[in-house]
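To start, the structure under review is shown below, and the notes come after it.
No value in this document is a laboratory result; all are computed from the given coordinates. Just so we're clear, the structure is a prediction, and the values are computed from it rather than from any experiment. Methodologically, a virtual Cβ is constructed for each residue, glycine included, from the backbone with ideal geometry; neighbour enumeration extends over all protein chains shown.
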Amino acid sequence: MTGNSVMAGWISSNGGTGVVKQYYLGGYSSGSCPPDQGSLPLVANTSVIVSQSSQLYLAFQLNTTMPQWSHLIYAVGPSGSLPSNNYLPEHSSKASSSVEYSAGTVSGAGSGSSDKARWHGFLVALGWGILMPVGIMMARYFKKYDPFWFYAHISIQGAGFVLGLVGIIIGFSLNDDGVDNIDVHKAIGIIILVFGALQIKAFFIRPVKTSKIRRYWNWYHHNIGRAAVILSIVNIFIGLDIASESTGWSVGYGIFLALWGLSCIFLEVKLWMAGRDH
């Protein structure tokens, strides 16, 4: 939404006069979104906001030619918090829709789109971005706890695959018309899904340890898994950027990756030292 103009309105809880203003979204902070600025060609004295049955209705009129399509984003501010000095607080929820004026149709409207997007991101991040890396650690560093490591590995990876698969299915049902970088995000997601399916196949065609082709299977299984996790991490950050989520989500996931990476380094050194002693 950064770089666009928006209309915002509110009415105080004591039933005061409604306020409608245009804003320019220059950044992610309140100070970078000044009121009474923007490029929307508003018709003077046509903006109004009313409260009816605990719902707010905002209307305004633009002096512009009718486009074939219009992509709209709706946002709601935090409960119990009105703008201070007309500067907006960060929104707590949002949804999107596409309007085809020539046909008079609307697609993707309502808060469900936003809720589904959150579920998509949560499931994929948990399954592919968290459980999968943890499952790799189990197979790499805990083989001395046989057969615990094996069952833990396939259980964690299986759960991660299922969660990621459900998240991807939800993602394909989202309305993404006009969303930047969505094609790249989808393409990487499809590649990850294919890699995941190949890993499931690898489980069923796993040769015995004494087989001559076991080393080729190991190469295939290990490298496809690593590629899937690397692509998943990249795609999670792309998804967070597309969703315009606060930097806190990216920082939080970055902290997890840092802890995971440090743990891997520690366990790798420990594994190397144990091998050298033998």
19 Å cut-off, amide nitrogen to a point 7 angstrom out along I169 Cα→Cβ, residues in segment 197-237:
197-201
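When the helix-only estimate is applied to the chain (DSSP H runs of n ≥ 4, each -39,500 (n - 2.57), divided by the residue count), what is the mean residue ellipticity at 222 nm, nearest 500 deg cm²/dmol?
Numbers: 6 runs with 131 residues, N = 278.
Per the formula, -16500 deg cm²/dmol.
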Three-way shape call for segment 17-72 based on the alpha-carbon gyration tensor, with the a/c threshold at 1.5:
oblate
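Given Cβ point charges of +1 (Lys, Arg) and -1 (Asp, Glu) and nothing else, what value in debye, to the nearest 20, does the dipole of the chain about its Cα centre take? Intermediate results must be reported in sequence, preceding the final value.
On the way: 17 positive and 13 negative charges, 346 e Å.
Rounded to the nearest 20 debye, it is 1660 debye.
What is the chain's relative contact order, in percent, from Cα pairs under 8 angstrom and six or more apart in sequence? Each step should come with its number before you reach the end.
Numbers: 349 pairs, mean separation 32.0, N = 278.
Reported as a whole number, the value is 12 percent.
From Cα pairs below 8 angstrom and at least 6 apart in sequence, can you work out the relative contact order of segment 112-277, rounded to a whole percent? Please list the in-between numbers first.
On the way: 128 pairs, mean separation 45.5, N = 166.
The value is 27 percent.
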Along the charge dipole of the chain, pointing to its positive end and built from +1/-1 on Cβ of Lys, Arg, Asp and Glu, which listed residue (F60, L231, S70) has its Cα farthest out?
L231
Pairs of lysine residues in the chain - Cα separation under 28 Å, sequence separation of 8 or more or cross-chain
16
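Per 0.36 nm of contour for each residue apart, how much would the distance between S70 and F150 grow if the chain were fully extended, relative to their Cα-Cα spacing?
Details: separation 80, 0.36 × 80 = 28.80 nm, distance 5.23 nm.
That works out to 23.6 nm of additional length.
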With N denoting the number of residues in segment 112-277, provide Rg(C-alpha) divided by 2.2 N^0.38 Å, to two decimal places.
1.13
With just the Cα atoms defining each centre, how far is segment 1-66 from segment 180-257? Give it in Å.
42
Between (1) 1.34; (2) 1.38; (3) 0.98, which entry matches Cα Rg over 2.2 N^0.38 Å as derived from the coordinates of this structure?
(1)
Of the chain, which part is the longest with no trypsin sites (Lys or Arg not before Pro) in a loop (DSSP not H, G, I, E, B) and with at most 10 other C-beta atoms within 10 angstrom?
1-143
